[in-house]
Amino acid sequence: MQHEGDDKSSFLFFFMRQNKFNDISSKDWLKFTKSWFVHNPPPRKDVEKLHPAKFPEGLVKEFILFFTRKGEVVLDPFAGTGSTLVACDETERKGIGIELLEKYAVIAQRRTKQKISVGNALDGSLVNEHIDFIITSPPYGPMLNKKGLAQKQRSDKNLDTRYSDSEDDLGNVKDYELFVQKVALVFQQLKKNLKDGGYLVVILQNYRDGKLYRPLAYDVARALSKDYTFVGERIWCQDNKTLFPYGLGYSYVPNVHHHVCLIMRKC
């Protein structure tokens, strides 16, 4: 007698034999398609602490394993200290990074064998290669310029609380709508390099701006909708971060401990 579980196993086995999309198992495929996940990154190494918003290699590695195969090309246009490039080293992909600030690019180059260029991500001439997959975490708007408790903790340790004073730094764009447009423009310019049907993952965080709560991730998704199809999201949850007493006793103010990983596909 054949059971329903046997039918499912047979289907998954047949399906993964035909899998030309990636190199992962059916079990890992199904797990990745869950729309939320918890990822608490390990403590940063000293060389990585300078950057105020580094995202973890383990997280980006999961996306790279799902959306590419060995030997394919991955681009990070906001490379920072090189999380994406290190993940490419570990997964046998070819990584390309662009970083505006030389101080972070130098750190990244010490950590990886991949290619990193110092320059403005808005400069479309910096990327000439064919790209199989784009993944990045751009600045979260003016969020880093806020004088909050988290920023004070970093300042007390003489760590960067913002990226730079450069006019080319998107983190210094004060007008919210203009910021969203400029972030979208980066990926609009990269569309020509991305393979047909290729995927773009943009990791962002919604945030409180005075009395407003800015839906940054979804505003960027809307701005990109002319050039890419919004096919889904994965919500990255962190359950080990400090809870600060924002609004305690008088108003609801969220401790935002999740990020939105937008999954877009080239039209």
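The values are calculated or read from the model by the stated rules, or taken from the named source; none is laboratory data. Given the structure is predicted, the values throughout are model-derived calculations rather than measurements. Cβ atoms come from the backbone with ideal geometry, glycine included; neighbour counts cover every protein chain shown.
Within the stretch 115-139, residues that are within 14 Å of LEU190 (Cα to Cα) reach partners that are surrounded by fewer than 22 Cβ atoms within 10 Å (Cβ to Cβ) and charged (D, E, K, R) with beta carbons closer than 6 Å, at six or more positions or on different chains, in the pairs ASN120/ASP168; ASP132/GLU72; ASP132/LYS195.
Being in a loop (DSSP other than H, G, I, E, B) and on the phi > 0 side of the Ramachandran plot: is that true of GLY249 here? Spell out how you get there, then give the answer.
Numbers: in a loop (DSSP other than H, G, I, E, B): yes; on the phi > 0 side of the Ramachandran plot: yes.
Taking the combined requirement at face value, the residue satisfies it.
From the set of residues in the stretch 80-95 that are touching a residue at least 24 places away in the same chain (Cβ under 8 Å) and either among the charged types (D, E, K, R) or surrounded by fewer than 24 Cβ atoms within 10 Å (Cβ to Cβ) (or both), which is farthest from PRO41 (Cα to Cα)? The selected residue is ARG93. Only residues that are assigned to a helix (DSSP H, G or I) and either among the small types (Gly, Ala, Ser) or out of contact with any strand residue (DSSP E or B) (no Cβ under 8 Å at 6 or more places or on another chain) (or both) were counted across the stretch 63-77, and they come to 2. Scanning the stretch 242-267 for residues that are within 21 Å of PRO138 (Cβ to Cβ) and loosely packed, with under 14 Cβ neighbours inside 10 Å gives a single hit, CYS267. When PHE32 is tested against (1) surrounded by fewer than 17 Cβ atoms within 10 Å (Cβ to Cβ); (2) at pLDDT below 90; (3) of a type outside the set (A, V, I, L, M), just one condition goes unmet, and that condition is (2).
Only one of the numbered conditions (1) within 25 Å of CYS237 (Cβ to Cβ); (2) touching a residue at least 60 places away in the same chain (Cβ under 8 Å) is violated by ARG208, and that is (2). The conditions of being among the basic types (Lys, Arg), under 30 Å from LEU65 (Cα atoms), in contact with a strand residue (DSSP E or B) (Cβ under 8 Å, 6 or more places away or on another chain) and at pLDDT 95 or above are met by LYS266. Filtered by the rule that a residue be at pLDDT below 70 and either touching a strand residue (DSSP E or B) at 6+ places or on another chain (Cβ under 6 Å) or not in a loop (DSSP other than H, G, I, E, B) (or both), the stretch 35-52 gives ASP46, VAL47, GLU48. Checking each residue in the stretch 214-252 for being closer than 23 Å to ILE263 by Cα, over 20 Å from the mean Cα position of the chain (by Cα) and modelled with pLDDT of 95 or more picks out no residue at all.
Scanning the stretch 161-192 for residues that are assigned to a loop (DSSP other than H, G, I, E, B) and modelled with pLDDT under 95 turns up THR161, ARG162, TYR163, SER164, ASP165, SER166, GLU167, ASP168, ASP169, VAL173, LYS174, ASP175. Restricting GLY58, GLY80, GLY71 to those that are at positive phi and modelled with pLDDT under 95 reduces the list to GLY80.
Taken over the stretch 210-241, the criterion of being crowded, with 20+ Cβ neighbours inside 10 Å and among the small types (Gly, Ala, Ser) is satisfied by ALA217, ALA221.
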